[in-house]
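Just so it is clear, none of the values below were taken in a lab; they were calculated from the coordinates. Keep in mind that what you see is a predicted model, and the values were worked out from it rather than measured. Don't worry about glycine lacking a Cβ; one is built from the backbone with ideal geometry, like all the others, and counts go over all protein chains shown.
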Amino acid sequence: MFLVQFFLSALLFIAVALTISAGIGLLIWSPLYKLIYESFLIKDPDSTIKRIWNLFYHVFGGGLSYFLYFWLIKKYKLWIAKLVFLLYLIVFICIGIPLATVGLAFIEWLFS
């Protein structure tokens, strides 16, 4: 039971950390981050581990920040896209970290 609780807590922590680090990485130097992001993708198309990791990364992790950033860059001027993305990061940090804390408390309550 402790292992399941630890696993869920770790997934929640990793998801928040990946989203924030992806956002900051994209704002600072997007070509380098794009290289790092693509290196985290597992290349073997038939691998179950690839499907699980890519699903987790795209849904819960930095993939959301990655796609939002490049969508904004395509749609708007660079300075507007970076400003909107910075506001997204600020809102995510202000809301995401407290929600993650509530999520951790819920996981602990669920397994107590």
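Couple of notes before you dig in:
- Computed over the chain, Kirkwood Rh from alpha-carbon pairs, angstrom: 15.3
- Taking trypsin sites (Lys or Arg not before Pro) in DSSP loop conformation with at most 10 other Cβ atoms inside 10 Å as exposed sites, the chain has its longest uninterrupted site-free stretch at 1-42.
- Rounded, prolate or oblate (a/c below 1.5 giving rounded, otherwise prolate when a/b exceeds b/c) for segment 69-112 by Cα gyration tensor: prolate
- Each residue of segment 95-106 was assigned a 3J(HN,Hα) from its phi angle through the Karplus expression (A = 6.51, B = -1.76, C = 1.60, θ = phi - 60°), giving 9, x, 5, x, 5, 5, 5, 5, x, 5, 5, 5 Hz with x at Gly and Pro.
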